[in-house]
1. Step by step: first the residues of region 229-275, then only those that are of a type in the set (A, V, I, L, M) and farther than 30 Å from ARG322 by Cα, then the one that is surrounded by the fewest Cβ atoms within 10 Å (Cβ to Cβ). Which residue is that?
2. Residue by residue through region 170-221, note down the ones that are farther than 30 Å from PHE256 by Cβ and outside any helix (DSSP H, G or I).
3. Return the total of residues in region 72-116 being within 18 Å of LEU194 (Cα to Cα) and in contact with a strand residue (DSSP E or B) (Cβ under 8 Å, 6 or more places away or on another chain).
4. Can LEU341 be described as surrounded by 15 or more Cβ atoms within 10 Å (Cβ to Cβ) and not polar (S, T, N, Q)?
5. Do you know which residues across region 363-384 are in a loop (DSSP other than H, G, I, E, B), of a type outside the set (Gly, Ala, Ser) and in contact (Cβ under 8 Å) with a residue 12 or more places away in the chain?
6. For region 230-250, indicate whether the set of residues that are charged (D, E, K, R) and touching a helix residue (DSSP H, G or I) at 6+ places or on another chain (Cβ under 9 Å) is non-empty.
7. Would you point out which residue out of ARG282, ARG239 is under 20 Å from VAL380 (Cα atoms), part of a strand (DSSP E or B), of a type outside the set (A, V, I, L, M) and assigned by TED's automatic domain parsing to the domain that holds GLY347?
8. Which helices (runs of 4 or more DSSP H) sit wholly inside region 78-157 and have at least 3 residues that are touching a residue at least 40 places away in the same chain (Cβ under 8 Å) and among the polar types (S, T, N, Q)?
Amino acid sequence: MTVDNTTSKDLNLFSIPVRFLRREILPVLTDLRLAIILLLIIALFSVSGTVIEQGQIPAFYQSNYPEHPALFGFLTWKVIQVVGLDHVYRTWWFLALLVLFGTSLTACTFTRQLPALKAAQKWQYYDEPRKFNKLALSAELDGISLTSLTPLLAKTRYKIFQDPEKNDILYARKGIVGRIGPIIVHIGIVMILLGGIWGAMTGFMAQEMIASGDTFQVRNIIESGAWSSQDVLKDWSVRVNRFWIDYTPKGGIDQFYSDLSVLDNDGKEIDHEKIYVNQPLRYHGVVFYQTDWGISGVRVKLNNSPIFQLPMALLDTKGKGRLWGTWVPTKPDLSAGVSLLAKDLQGMVLIYDAQGKLINTVRAGMSIPVNGVNLKILDVVGSTGLQIKYDPGIPIVYIGFTLLMLGVVMSYFSHSQIWALQKGNIFYIGGKTNRAQVTFEREVLGILEQLTDTGKK
């Protein structure tokens with residue numbers, strides 16, 4: 001008989017990395033300190049992604065995070081863009097942290113939690129009195145029958161095991177679900193991580209500023225994952241039926257609204273929703289959030305002319321509030337005109353001449369003579385700022401959170417065990433639990449008191 005040395009060498013070469021993984025890598029992955037460190041790092045960068053505005057243009061970061069002086073002495077726009085703090089949740093290093101943390105939890109589940117569950121499911125009868133000395137709580141009683149213990153344990157929801165061939169030994173337990181709880185917690189956390197990774201890799205985010213009355217398709221994608229696809233946006237569009245703002249009595253913004261309709265390729269309405277802050281429109285997994293507003297234009301009329309809608313542009317006010325403006329020609333050859341300024345949708349418009357002098361202030365519906373013509377302001381047209389998100393990982397995250405909460409609740413159940421043995425007239429009883437030791441002691445003492453009272457009778 002001959003041995004294939006080549007095959008033997010191949011098996012030895014294969015076993016080397018397996019042994020290395022088991023002896024070197026696996027202990028590190030299952031180390032609780034590593035999991036805590038990773039969790040703290042993930043939490044830190046998650047906070048940074050909340051504090052630092054995400055997905056803005058470079059000019060925004062250059063303006064708000066200058067090099068001199070640097071925020072906290074080091075945080076500048078260059079650091080933000082180089083490290084990726086402007087899109088934290090989609091950076092390769094943040095996703096790598098999630099993968100490493102999920103791997104650590106998975107390894108811990110298989111090497112610690114599952115073996116602990118299997119060990120909890122394995123039990124044996126205590127058929128020797130000396131075994132009761134090892135228990136944290138034990139007692140010896142005279143004149144007590146084992147049969148009197150069974151109904152007391154059943155009353156306190158213990159699952160009872162008795163050897164049909166031996167009537168002098170008993171084992172009972174409850175709360176095995178408490179051993180399953182940590183495993184469910186780990187599964188829930190891993191699913192949350194998987195949902196976050198899947199959403200980051202396949203989702204996208206867009207921003208649109210749409211005038212009231214316009215119809216649009218989502219085009220302005222500002223962030224997207226490596227595996228993202230915009231196929232979900234095909235064959236439908238959205239119409240902004242109306243955009244309006246409710247103001248407080250003091251003139252501040254109370255709430256702004258967008259009345260939206262989802263249209264098919266034939267222009268037929270297939271969905272409709274009035275959205276506002278914290279009340280989005282959802283369609284085919286795409287979510288439309290109300291996040292901003294602006295002024296898109298002003299509708300005017302000169303004498304008996306047709307109605308013109310002139311676009312209004314956002315002016316640079318050096319951080320002193322938002323102001324929109326446009327220019328209205330008052331002569332056919334465009335040799336003269338006036339400037340119109342508006343700061344909100346309450347209908348008030350400021351009119352300036354060519355020298356920058358304020359001519360008058362009018363409201364929508366009013367008219368005023370300017371440069372020999374009658375200028376009538378019909379309406380100030382608002383535009384809605386929408387943030388559009390598509391995240392296929394959200395259902396996975398929701399399932400993960402549900403499992404996490406369920407696992408936390410299950411983990412509160414104590415795994416309690418009780419053994420009993422009867423040797424002649426001496427009755428041995430003892431037990432242990434993995435948590436809530438005081439409660440368990442009170443429960444066992446209550447059972448012992450009832451057994452004693454039964455024995456006296």
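1. ILE270
2. Matches in region 170-221: LEU170, TYR171, ALA172, ARG173, LYS174, GLY175, ILE176.
3. Total satisfying the criteria: 1.
4. yes
5. Once the filter is applied, which keeps residues that are in a loop (DSSP other than H, G, I, E, B), of a type outside the set (Gly, Ala, Ser) and in contact (Cβ under 8 Å) with a residue 12 or more places away in the chain, region 363-384 yields only ASN371.
6. No, region 230-250 contains no residue that is charged (D, E, K, R) and touching a helix residue (DSSP H, G or I) at 6+ places or on another chain (Cβ under 9 Å).
7. ARG239
8. In region 78-157, the matching helices (runs of 4 or more DSSP H) lie at 92-108.
The values are calculated or read from the model by the stated rules, or taken from the named source; none is laboratory data. Just so it is clear, the model here is predicted, and its values are computed rather than measured. Heads up, the Cβs are rebuilt from the backbone with ideal geometry, glycines too, and the neighbour counts pull from every protein chain shown.
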